[in-house]
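Take a look at the structure below.
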Amino acid sequence: MPHRRAHDDTPPQDLPRFTEHTAHNKTAPLESAEGGRPEAFVQDYLETARRQLGRDRGHVRVLDMGCGRGDRVAWLCAQGWDAWGADVVSEYLENGNAFLERRGFGGDRLRLIAGSDLAFAPEIFDVVLSDQVLEHVADLHTFARQLARVSRIGSIGLHVFPARWTPVEPHMRTPLVHWAPKGPARDALLRLALGTRLSAGYFTDYSRADRFLIFRRFSEEETFYRPLREVASAFRAYGLECSFTEPTKDKLYSRLPTLPRALGTLVATLYLNLFSVYMTTSRTA
């Protein structure tokens with residue numbers, strides 16, 4: 001039976017991490033590449049990059065940052081791309097590398113990020129991808145510096161992450177909680193969300209006090225919602241130029257081709273502030 005505690009302020013060392021919830025599949029063995037199929041917009045982005053480079057897929061080296069167990073890396077390899085991945089959780093990587101080795105792609109395509117070190121040689125990647133990763137990065141400067149180190153001059157990137165002001169935090173599924181600064185105000189909103197069942201239905205066999213501690217630890221330690229200017233400043237400090245509005249506009253037009261062009265910038269600005277950000281990068285120095 002789950003541990004029950006009498007007081008909400010008890011440190012949660014004996015409680016599971018939020019990412020251990022039952023819907024989180026990264027700890028399970030990877031058994032198929034099909035689950036890693038990226039959205040059509042990302043596939044189109046890669047094809048455009050390939051054409052610009054003038055190479056076939058096997059000669060375009062792609063890095064998936066925050067790759068988890070490597071679902072997307074496996075799919076890209078199966079489609080002929082020279083894809084690699086990196087993550088901070090060794091268990092996830094072991095699951096994916098075992099699958100990749102069985103499929104003949106090698107057993108070391110997924111590398112562990114140890115501290116601030118990204119275990120790849122300098123300047124070897126043509127394209128860098130990340131999806132739902134930047135909102136979990138505590139040290140954005142270290143992240144950007146490592147990406148710049150392993151990216152070739154002229155390389156490009158596409159990073160997709162939740163908007164700072166999205167009404168519902170997408171991992172905990174709690175409305176407005178992440179809008180509040182970490183501390184008492186956020187705690188109060190999180191308690192309200194859990195008490196009114198306006199949250200993801202994870203760990204329901206634990207007491208409300210324990211669920212609060214599990215969710216709060218994740219919110220405080222593993223989520224970082226920042227102004228876009230702060231994201232851009234960190235990336236540009238290491239020679240990675242950033243664009244937000246144009247790639248988000250391109251994403252919208254890919255889904256809504258009849259969207260009036262006169263409204264494109266306005267709708268994209270609203271979308272990247274209230275829903276999801278599509279950020280492209282290019283290494284210029």
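The values are calculated or read from the model by the stated rules, or taken from the named source; none is laboratory data. These numbers were taken from a predicted model, which means no experiment stands behind them. Positions of Cβ are backbone-derived with ideal geometry, glycine not excepted, and every protein chain shown enters the neighbour counts.
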Identify, from the list Glu135, Glu123, the residue that is at positive phi and either of a type in the set (Phe, Trp, Tyr) or touching a strand residue (DSSP E or B) at 6+ places or on another chain (Cβ under 6 Å) (or both).
Glu123
The lone exception for Met172 - which of (1) over 17 Å from Leu272 (Cβ atoms); (2) touching a strand residue (DSSP E or B) at 6+ places or on another chain (Cβ under 9 Å); (3) of a type outside the set (Gly, Ala, Ser); (4) buried (at least 20 other Cβ atoms within 10 Å of the Cβ) it fails
(2)
Any hit, region 202-211, residues being in contact with a Pro (Cβ under 9 Å, 6 or more places away or on another chain), part of a helix (DSSP H, G or I) and among the charged types (D, E, K, R)
yes
Of all residues in region 7-48, count the ones that are touching a Leu at 6+ places or on another chain (Cβ under 9 Å), more than 16 Å from Phe203 (Cβ to Cβ) and modelled with pLDDT of 85 or more.
8
Within region 133-191, the residues that are farther than 25 Å from Leu252 by Cβ, assigned to a strand (DSSP E or B) and not hydroxyl-bearing (Ser, Thr, Tyr) are Arg152, Ile153, Gly154
Being acidic (Asp, Glu), outside any helix (DSSP H, G or I) and closer than 23 Å to Leu240 by Cβ: is that true of Asp126 here?
yes
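Matching residues to (1) closer than 30 Å to Pro16 by Cβ; (2) in contact (Cβ under 8 Å) with a residue 12 or more places away in the chain:
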site: Ser199; (1), (2): yes, yes
site: Glu230; (1), (2): no, yes
site: Ser233; (1), (2): no, no
site: Ser243; (1), (2): no, yes
site: Glu246; (1), (2): no, yes
site: Lys251; (1), (2): no, yes
site: Thr281; (1), (2): no, yes
